[in-house]
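The values are calculated or read from the model by the stated rules, or taken from the named source; none is laboratory data. Keep in mind the model is a prediction, meaning the values are calculated, not measured. Quick reminder, even Gly has a Cβ in these numbers, built from the backbone with ideal geometry, and neighbours come from all protein chains shown. Surface areas here come from the heavy atoms of the whole protein model, side chains and all, with no ligands, DNA or RNA. Shrake-Rupley method; radii C 1.70, N 1.55, O 1.52, S 1.80 Å.
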Amino acid sequence: MTKKPKLFLDMDNVLVDTLTVLNTLNPADYQVEKPDQIPGVFLDLAPVEGAVQAVKELSVYYELFILSTAPWENPSAWQDKLIWLEKYFGKDVKSPFYKRVILAHDKGLVHGAGGILVDDRPYHGASSWDDEQADSAWLQYGYDQRLIWSNELTQYLIDVAQVAQGTPSLREAVKAANRFDYALMGDRITFEKADWEK
């Protein structure tokens with residue numbers, strides 16, 4: 001593998017500290033059913049600790065993409081997510097995500113391009129990235145507590161990219177770089193959602 005591998009990043013709870021805010025809001029105060037339906041709620045959320053710096057470091061090693069979903073019942077969320085990215089990463093060709101933002105309800109539709117998806121949840125097609133045939137991999141953000149931006153995740157992903165230069169398969173690189181026996185993903189079926197998400 002001679003070119004940069006592809007790395008797709010989810011936004012909510014991977015780059016953006018979303019649940020800590022949404023879990024504190026009362027949707028009835030805003031006349032909606034769920035807190036993620038509140039207009040403008042995605043606009044001013046804080047980044048996950050270490051995420052902005054991690055993206056800067058990883059852009060040297062990867063072709064970076066955003067792969068996120070937004071609540072169907074909240075049209076402002078789609079625009080607000082793009083504005084959030086521009087705020088923290090810029091909006092011109094210098095941004096690592098310039099014209100590399102994919103918002104979709106089924107993230108599995110994209111995995112055929114190969115690459116790694118870092119996503120905190122298995123649903124919306126994220127777990128389908130664990131696919132040998134497509135040479136794609138899903139890394140569940142935070143499932144292993146060491147694999148967060150403020151801990152060992154950035155270095156692990158850099159190691160994967162470096163190993164990938166000498167191997168024909170990105171999935172082989174994901175395994176070979178896992179010398180600390182990280183748990184890369186959890187159970188896809190019994191994932192526990194917040195009460196309002198059910």
For region 45-198, the accessible surface attributable to carbon and sulfur atoms (probe 1.4 angstrom, ligands and nucleic acids excluded) amounts in percent to 52 percent
Quick calc of log₁₀ I(q)/I(0), region 68-109, Debye, one scatterer on every Cα, no solvent, q values 0.14, 0.23, 0.25, 0.28 1/Å, result -0.34, -0.80, -0.88, -0.98
The pairs in K6/K91; K3/K107; K6/K107 lying past 18 Å Cα-Cα in this model are K6/K91; K3/K107
Normalised Cα Rg of the chain, dividing by 2.2 N^0.38 Å with N its residue count, works out at 1.01
Highest GNM mean-square fluctuation among L67, L109, L184, for the chain with Cα springs under 10 Å, belongs to L109
If the chain between T20 and D131 were fully extended at 0.36 nm per residue, the gain over the current Cα-Cα distance would be 36.9 nm
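Can you give the convex hull volume of the alpha carbon atoms of region 1-117 per residue, in Å³?
102 Å³
Go through 77-90, 24-37, 138-151 and give me the packing order, highest mean Cβ count within 10 Å leading.
138-151, 77-90, 24-37
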Each label sits 7 Å from Cα toward the beta-carbon; between Y98 and Q162 the label points are separated, in nm, by 2.8 nm
If N is the residue count of region 104-147, its Cα Rg over 2.2 N^0.38 Å rounds to 1.08
Taking the dipole of region 86-198 about the Cα centre (Lys, Arg +1; Asp, Glu -1; charges at Cβ), the one of L147, V101, A177 that reaches farthest to the positive side is V101
